[in-house]
Amino acid sequence: MMKFATMKLLEFGFNPGQIYLSMEKNMSCGVGKCGHCMLGKYYVCKEGPVFTLEQIEDYPNIWE
Ligand code: FES
């Protein structure tokens, strides 16, 4: 759902810095110890879970 909503927002002219994504789906320990939530250079549990598309669009696994 987030992927398709994001594609529509981009079609409507929003830029990646205006689109916010909540990426909490892969959290496990929630305190920055296990690394299960890593999204590129970010710990989703400590630095998120909300990121702009601009922050994470270059990482290949954001839609998984
Ligand atoms: S959930 Fe374990 S490090 Fe983020």
- Task: Round to the nearest 10 and give me the degree value, 0 to 90, for the angle of helix 2-11's Cα axis relative to the longest principal axis of the chain.
- Result: 30 degrees
- Task: Quote the relative contact order of the chain in percent (integer), defining contacts as alpha-carbon pairs under 8 Å separated by 6+ residues.
- Result: 35 percent
- All aspartates and glutamates inside 20 Å of K3 as judged from Cα atoms, apart from same-chain residues fewer than 8 positions distant: E11, E24, E54, E57, D58, E64
- Expected unfolding gain across E47-K3 under the 0.36 nm per residue rule, minus the alpha-carbon gap, is 13.7 nm
- Task: Would you list which lysines come within 20 Å of K33, measuring only between C-alpha atoms, while excluding same-chain residues fewer than 8 positions from it?
- Result: K25, K41, K46
- Item | Accessible solvent surface per residue of the chain, calculated while the other protein chains remain in place, 1.4 angstrom probe, Å² | 69 Å²
- Message: Tell me the mean residue ellipticity at 222 nm calculated for the chain from its helices only (DSSP H runs of n ≥ 4, each -39500 (n - 2.57), averaged over every residue, nearest 500).
- Response: -6500 deg cm²/dmol
- Express in % the proportion of alpha carbon pairs of the stretch 2-56 at distances exceeding 12 Å. 63 percent
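The values are calculated or read from the model by the stated rules, or taken from the named source; none is laboratory data. Please read these numbers as outputs of a predicted model, since none were measured by experiment. Areas reflect the complete protein model, heavy atoms only, side chains present, ligands, DNA and RNA absent. Shrake-Rupley method; radii C 1.70, N 1.55, O 1.52, S 1.80 Å.
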